[in-house]
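Chemist: Before I ask anything, let me first share the structure, which is written out below as structure tokens.
Values in this text are rule-based calculations from the coordinates and carry no lab data. What you see is a predicted model; the values in this text were computed from it and never measured. Here Cβ is always computed from backbone atoms with ideal geometry, including for glycine, and neighbour counts include all displayed protein chains.
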Amino acid sequence: MPFMISLIVALVLILILVGIGYGVYRKIKRTARDFAKMAWGTNTIAEGIRKQELEYATTPKSVAGMTSIKLPMITKDFPDFHYNEMKTRAKNVLVSYLRALDEGNVSILSEGTEELKKSIELRVDEMESQGLNEQFDNIKIHRTEIRDYVKNPAKCSVIFQSSVEYYHYKKREDGSIVSGDAKMKTQARYNVECIYIQDRTMIENLHDAALATNCPNCGGPLEGVGAKVCKYCGSPIIELNILSWHFDSVKEA
């Protein structure tokens, strides 16, 4: 009889504990549901997190729109600065830069200094050394504005900032994805810097490689921005127009 009483007591205690546990579970579940509804308008936290991820992936990033402040300063110094044309060029440089990374081919870059081309080659080489391909699919630019304008005796620079979206991921040669997502959009910001060289001497004395160029005939590197003749094939070189704008860098902000 004592054994039966002990067994019954144990069963009752187990039922009580199960009841308490179930009650706690229901309370936690109800609290989580209420939180999900309040935070995201969903039934579960998992659905809410997924909804937040989708919103983040589809909502364009803001840009530092300083055009209204910086453009008057630029046009005061450079009356021939055509904003719409330069903005279009900056957007083309950005898209072609990303496509050059995607295809591992620097010649896709629409325009840019040797420094910008080298940055592409270095990044492509880095990916290749890891046995990876970096992909940028369905590139779309939402908005582009002037972010900053900086000038000094040697050169001036205008920095355009763009809000851009794409599918960004890295994959192995067998097609397996190691990072990123081929089905989830990525929203990003990029700064595209455009420079205007004012003093050739200061740039050459600094050994600035940004304006180095190649012979249009044989492709050999030229000796400085003032080279008149290619030392490799003897072809005459049209002197690089220092007093013009050149796209020098593209960086994710």
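Chemist: Could you calculate the FRET efficiency of residue 81 with residue 107 from 1/(1 + (r/R0)^6), where r is the beta carbon distance between them and R0 is 41 Å, rounded to 0.05?
Modeler: On the way: r = 28 Å, r/R0 = 0.69.
Given R0 = 41 Å and the Cβ-Cβ separation, E is 0.90.
Chemist: Between residue 252 and residue 15, what length comes free when the chain is fully extended (0.36 nm per residue of separation minus the Cα-Cα distance, one decimal in nm)? Could the numbers behind the result be given before it?
Modeler: On the way: separation 237, 0.36 × 237 = 85.32 nm, distance 5.96 nm.
Computed gain between residue 252 and residue 15 is 79.4 nm.
Chemist: Moving on to the next point. Could you rank the peptides 17-25, 165-173, 85-93 by their average count of other C-beta atoms within 10 Å per residue, with the highest value first? Kindly include the intermediate steps, with their values, before the conclusion.
Modeler: On the way: 17-25: 10.0, 165-173: 16.3, 85-93: 17.9.
Packing order, densest peptide first, comes out as 85-93, 165-173, 17-25.
Chemist: Can you list the residues, at least 5 places off or on another chain, whose amide H is less than 5 Å from the amide H of residue 61, using H built in the peptide plane?
Modeler: For residue 61, whose amide H was placed from the backbone, the distant partners under 5 Å are 164, 188.
Chemist: For the ranges 177-185, 101-109, what's the packing order if you count other beta-carbon atoms within 10 Å of each residue, average per peptide, and put the highest first?
Modeler: Working: 177-185: 12.7, 101-109: 16.7.
Result, highest mean Cβ count within 10 Å first: 101-109, 177-185.
Chemist: Read phi for every residue in region 112-124 and hand back ³J(HN,Hα) as whole Hz from Karplus 6.51 cos²θ - 1.76 cosθ + 1.60, θ = phi - 60°, with x for Gly and Pro.
Modeler: In residue order, the calculated couplings are x, 6, 4, 4, 5, 4, 5, 5, 5, 4, 5, 5, 5 Hz.
Chemist: Still on this structure, please answer the following. Quick one: putting +1 on the C-beta of Lys and Arg, -1 on the C-beta of Asp and Glu, what dipole do you get for region 138-177 around its Cα centre, in Debye to the nearest 20?
Modeler: Working: 8 positive and 5 negative charges, 24 e Å.
Computed about the Cα centre, the dipole is about 120 debye.
Chemist: So what J values fall out for region 135-145 if you push phi through Karplus, 6.51 cos²θ - 1.76 cosθ + 1.60 with θ = phi - 60°, rounded to Hz, Gly and Pro as x?
Modeler: 10, 10, 9, 6, 5, 9, 9, 8, 7, 9, 9
Chemist: To continue, here is another question. Taking the Cα of residue 126, stepping 7 Å toward and past its beta carbon, and measuring to each backbone N in region 147-172: which are under 16 Å?
Modeler: Once the point is set 7 Å along Cα→Cβ of residue 126, 169-171 turn out to lie under 16 Å by backbone N, inside region 147-172.
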